[in-house]
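Down below is the structure, laid out as structure tokens.
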Amino acid sequence: MPSATLEISAQPPEKLTGIQIDKTKTAAAGVPAVTNSLKHVYGNSGLLRGTAAMLKINQWKGFDCPSCAWPDPDDHRSAFEFCENGAKAIASETTKQRVTPEVFAQYSVAELSQWSDFEMDQAGRVTHPMVLREGETHYQPIAWKEAFDLIAQELNSLSSPDEAVFYTSGRATNEAAFLYQLFVRQFGTNNLPDCSNMCHESSGAAMMEAVGIGKGTVTLKDLETADTILIIGQNPGTNHPRMLTSLQRSVEAGATIIAVNPMKEAGLTGFMHPQQVKGVMGMSTPLATQFLQVRLNGDQALLKAIAKTLIEDGTYDEAFIREHTVGFDEYRTHLLALDWAELESISGLQRADMEKAARQCAGRQRKLITCWAMGLTQHKNAVATIQEVINIHLLLGAVGRESAGLCPVRGHSNVQGDRTMGVFEKMPEWFMDRLEQVFEFKVPRHHGWDVVASIRAMHEGRGKVFYALGGNFLQATPDTEYTAEALRRCHLTVQISTKLNRSHLVTGRTGLILPCLGRSEVDIRGNTDSFLTVENSMSVVHTSHGQLEPASPHLLSEPDIIARTAAAVLGDRSKVDWMYLAEDYDRIRDLIEKVVPGFEDFNVRVRQPGGFYLPNPVRERQWVVPGGKAKIKTHALDCVTTSAGQLVLQTFRSHDQFNTTVYGLNDRYRGIGNERRVIFMNPDDMKSRSISPVSPVDITSHFQGEERHARRFLAIPYDLPAGSCAAYFPEANVLVPIGSFADISLTPTSKSVIVTVTSSQP
Ligand code: SF4
């Protein structure tokens, strides 16, 4: 363990950085998106490397943006096929800064942990495999072979494979993910938690039960030809910015956008296309024509109000309901019994506005598409709420036909692909059967641990080795101090990473950092530079072909690291020739083709420009559910409840961050500069607590008698419903209780944390 002098901080430092307040914006992108992109790219990567990166990102033969999973256009590529946050992601990866063994020698782990997450990202790319040995205060270089031997020794000394946790972040490519799940299952466990457990798990659970697939059912073309687009619990301007290009096309084609969000996010109200004259001149295309500022966790009441209106108006598709669904009668009875006043009080919205939204959804040809993200998935009742979205589409027959359907928008570039490859703690029997047939080994059938169960198991000493394929587990997960303690109790923690992050600093007895190639970097296999593949939010599987010189000659690709780990750990217990597979990724793809449906002729089809769509039975109105008909699900109306003086807090991202990676301290659309320790509050909620604008406050969360604290945030008066407030993660993750998660999906409830806010004591 590190030197006794300085504590290793599991949380970002509480120091304030000198806030600058500016006007909130009513339109996203525009010239500032261009200047910001150039500032980040040239500021980090330099002229040549930066320019090369921008010319290759998301191009036909280029590399896939390592940020969100928004699809590329099916039929063309613009010269600059990326958004501002794609530019920040690539600037962060292609930076010239390096975290060398000399840097690790200069700073102890405790000293590094006093850095902010922004400072860690700015430090640059890790260049060598590093080890933090028990009792040491500094990381030291370690040879790759010695690192794999150390992992093998620790894993093989466990009394059960179920004492190991194998985490995956959504950046891992298909080939790495497939090899990983195969290695882990050959090792003997299904402990395969992934970042999806914390984001769209609720969507997958809701959709699998109701319509038989856990993925979106629409294409870009559908979105651009829809009549009505309902965007609920999503902030595309920051988290999926190229979506705004499609929304602009939809609006120009006559679509109506209804936005549902506690905060009037700029990317929902207007868009200045930075590659069009109009946009460059600062003229924005208005997006949402109806904006419903719902209370946090008030979405279910709103969706029931919309469905109730469809029933009361009789504007539902009887023929479709009869032919394709079950459960209508029970649902109709439930809706008619609902009280409008209760729906208004829970949602924080007016009946007239909710009816207006319903009539818009049922209008014209019912070409309705609903897009959603974490604003729906991270609540206790998330699965039930998402099934209300599905119910509305089933009532209208707005699914399984052109320009209509369901669109859960994925946050991480290959989070959907990883799940398709088998990275899931509870894969279906057919997948396990296929693995057994193809690889002739006994696959463990008992379900594994998801993220919350893994943290608890490590905290209770049942999980002893933590191995992460990418990500920043400590900062992405809830209950930061509890999770930190869980990691510290491990014998070994291993992180495959590109850059320094806080999860490297809170380790088990021994900690390993295994630096890998970035998505943008050339990956030479044998004498050919090879490509990897990913799957975007609309189920398109396509190539990602690294183009740039690697940040260090000591890096290995993710598939290579997995193959060497597997070979070292499993030895001759496995018949798989891991290194043979890592030598040529076509060989891995041939095996994927044998196991995963929809990947027929994988190596041929993926080489077509733009790749291929995976099959989606719902698009053909085939419902792969027991009984063969889509399920209209009836759930009791519920929402999070607070006591006097309490508020509901959501954790979310600033505009200068992607998941836990912090590219900068600004949040320009919300008018915040140079500060991350802020809490956005309703002005009346501030007044009633005698909290003055931009004054320091402390936040306390309350859960089953437990309290958790986050101190020294600046209170920002903001236009959001009374009783709702918001703060950035990872700073606010310490407030999210490990025991508070969604029914069925077990996703942490990061969007509805019960808190009290008080002025900080001097
Ligand atoms: S929309 Fe998402 S995938 Fe596309 S460039 Fe932006 S961040 Fe990258």
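The values are calculated or read from the model by the stated rules, or taken from the named source; none is laboratory data. The structure displayed is predicted, hence computed values, not measured ones. So basically every Cβ, Gly included, is an ideal-geometry build from the backbone, and we count neighbours across all protein chains shown. When the accessible area is computed, the model is the full protein with side chains, heavy atoms only, and any ligands, DNA or RNA have been set aside. Shrake-Rupley method; radii C 1.70, N 1.55, O 1.52, S 1.80 Å.
How about the range 480-586: which helices (runs of 4 or more DSSP H) wholly inside it have at least 1 residues that are under 24 Å from Ile57 (Cβ atoms)? Give the derivation first.
On the way: elements: 480-488, 558-570, 578-583.
Once the helices (runs of 4 or more DSSP H) in the range 480-586 are filtered for at least 1 residues that are under 24 Å from Ile57 (Cβ atoms), what remains is 558-570.
Scanning the range 228-237 for residues that are touching a Gly at 6+ places or on another chain (Cβ under 9 Å) and open to solvent by less than 10 Å² (accessible area, probe 1.4 Å), we see that the one that is nearest to the ligand (Cβ to nearest atom) is Pro236. For Gly62, the conditions (1) open to solvent by 60 Å² or more (accessible area, probe 1.4 Å); (2) small (Gly, Ala, Ser); (3) in contact with a His (Cβ under 8 Å, 6 or more places away or on another chain) all hold with the exception of (1).
Kindly establish whether Met207 is more than 16 Å from the ligand (Cβ to nearest atom), open to solvent by 10 Å² or more (accessible area, probe 1.4 Å), among the hydrophobic types (A, V, I, L, M, F, W, C) and within 22 Å of Ile386 (Cα to Cα). Full working, then the answer.
Numbers: more than 16 Å from the ligand (Cβ to nearest atom): yes; open to solvent by 10 Å² or more (accessible area, probe 1.4 Å): no; among the hydrophobic types (A, V, I, L, M, F, W, C): yes; within 22 Å of Ile386 (Cα to Cα): yes.
No.
Please work out if Asp719 is farther than 21 Å from Pro478 by Cα, under 27 Å from the mean Cα position of the chain (by Cα) and open to solvent by 10 Å² or more (accessible area, probe 1.4 Å). The answer is yes for Asp719. Checking each residue in the range 65-78 for being within 11 Å of the ligand (Cβ to nearest atom) and in contact with a helix residue (DSSP H, G or I) (Cβ under 7 Å, 6 or more places away or on another chain) picks out Cys65, Pro66, Ser67, Cys68, Ala69, Trp70, Pro71, Pro73.
Could you tell me whether any residue of the range 1-24 is within 16 Å of the ligand (Cβ to nearest atom) and touching a Pro at 6+ places or on another chain (Cβ under 9 Å)? Within the range 1-24, not a single residue is within 16 Å of the ligand (Cβ to nearest atom) and touching a Pro at 6+ places or on another chain (Cβ under 9 Å). Within the range 43-59, the set of residues being within 15 Å of the ligand (Cβ to nearest atom), in a loop (DSSP other than H, G, I, E, B) and over 17 Å from Glu535 (Cβ atoms) comprises just one member, Gln59. There is no residue in the range 466-482 that is small (Gly, Ala, Ser), in contact with an Asp or Glu (Cβ under 9 Å, 6 or more places away or on another chain), at pLDDT below 95 and within 21 Å of Ile562 (Cα to Cα). For a quick check of your reading of the model, give me the residue pairs whose first member lies in the range 415-429 and is open to solvent by 30 Å² or more (accessible area, probe 1.4 Å), whose second is modelled with pLDDT under 95, with beta-carbon atoms closer than 7 Å and at least 6 apart or on different chains. Close Cβ pairs (under 7 Å, with a partner that is modelled with pLDDT under 95) do not exist here.
Note on the range 649-707: residues that are open to solvent by 10 Å² or more (accessible area, probe 1.4 Å), touching a Leu at 6+ places or on another chain (Cβ under 9 Å) and among the β-branched types (Val, Ile, Thr) total 3. Among the residues of the range 87-109, is there at least one that is under 26 Å from the mean Cα position of the chain (by Cα), without any contact (Cβ under 8 Å) to a residue 24 or more places away in the chain and more than 17 Å from His240 (Cα to Cα)? No, there is no match, as no residue in the range 87-109 is under 26 Å from the mean Cα position of the chain (by Cα), without any contact (Cβ under 8 Å) to a residue 24 or more places away in the chain and more than 17 Å from His240 (Cα to Cα).
In summary, no helices (runs of 4 or more DSSP H) completely within the range 79-192 bear 2 or more residues that are within 16 Å of the ligand (Cβ to nearest atom) and in the same structural domain as Leu581 (by TED's automatic domain parsing). For Phe612, the criteria (1) farther than 28 Å from Gln378 by Cα; (2) open to solvent by 40 Å² or more (accessible area, probe 1.4 Å); (3) touching a strand residue (DSSP E or B) at 6+ places or on another chain (Cβ under 9 Å) hold in every case but one, which is (2).
Of the residues Gly348, Gly363, the single one that is in the same structural domain as Ile231 (by TED's automatic domain parsing), more than 13 Å from Ile229 (Cβ to Cβ), open to solvent by less than 60 Å² (accessible area, probe 1.4 Å) and in contact (Cβ under 8 Å) with a residue 60 or more places away in the chain is Gly348. Taken over the range 145-185, the residue count meeting the criterion of being under 25 Å from Thr661 (Cβ atoms) and open to solvent by 40 Å² or more (accessible area, probe 1.4 Å) is 1.
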